[in-house]
Amino acid sequence: MKLLLMYCSKFSYTPKTKTLNDFPDIENGETFQDSLLAFIHAERKDEENAKSVETKLLKNLKWAAKKNNTNKIILHSFAHLAETKADAAFTKNIFDLVDTRLKNASYESFQTPFGYFLDIDIKAPGISQARIFKEF
C-alpha cells in the first residue's frame, strides 16, 4: 500500500466523472476544514494480507492526524501511486473497515466518492508534517 497524507486547512471536491459503475451515483461535493487527507493506493499484493494492511493503514492515519492536531480524516482512493492496483471491491472494503474503526476511536472519518474522478481544491500549509508519504 502507498499512502500520501496531506494536512489541509481546506479541502473540497465535486464529483466529475464516474469510472466504476458498481458504486453509487454521487452528484454533490463536500468541503472540509482542518483535516487529514489520505491519498490511498491499495496494490494487488495487499489482497494477500488484508488484515495487516488494514491495521497499518489505521495506525498511520491516526499517527498523522495526531501529528497535525486534527481528528478529521478523509479517505480518498488514489490509484496512481504504484504500477499495480488491488481489486476495486477489495479497496472499498478496506476503506469501509478503516472508516468504521476510526469512528469507533472517536475520529471524524469521511470518504470521497469511490470510483470517481473529482474536481478538487486543496489548501495546505507549508509545514513539514503537513505532507507525509508511507509505503507498507
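None of the figures in this text is laboratory data; all of them are computed from the coordinates on show. Keep in mind the model is a prediction, meaning the values are calculated, not measured. For neighbour counting, all protein chains shown are included, and Cβ atoms are generated from backbone atoms with ideal geometry for every residue, glycine included.
For percent of Cα pairs over 27 Å apart, computed directly from the structure shown, the correct entry in (1) 27; (2) 19; (3) 13 is (3).
The phi-based Karplus calculation (6.51 cos²θ - 1.76 cosθ + 1.60; θ = phi - 60°) puts the 3J(HN,Hα) values of the range 62-79 at 5, 4, 5, 5, 4, 4, 9, 6, 9, 10, 9, 10, 10, 8, 10, 6, 9, 7 Hz, whole numbers, x for Gly and Pro. Cα centroid separation, the range 1-19 to the range 67-136: 7 Å.
Taking the Cα centre of the chain as origin and assigning +1 to Lys and Arg Cβ atoms and -1 to Asp and Glu Cβ atoms, the resulting dipole is close to 640 debye. A helix-only calculation puts the chain at -8500 deg cm²/dmol for mean residue ellipticity at 222 nm, using -39500 (n - 2.57) for each DSSP H run of at least four residues, averaged over all residues. The amide H of residue 32, built 1.01 Å from its N in the peptide plane, has 11, 12 as neighbours under 5 Å, considering only residues 5 or more places off or on other chains.
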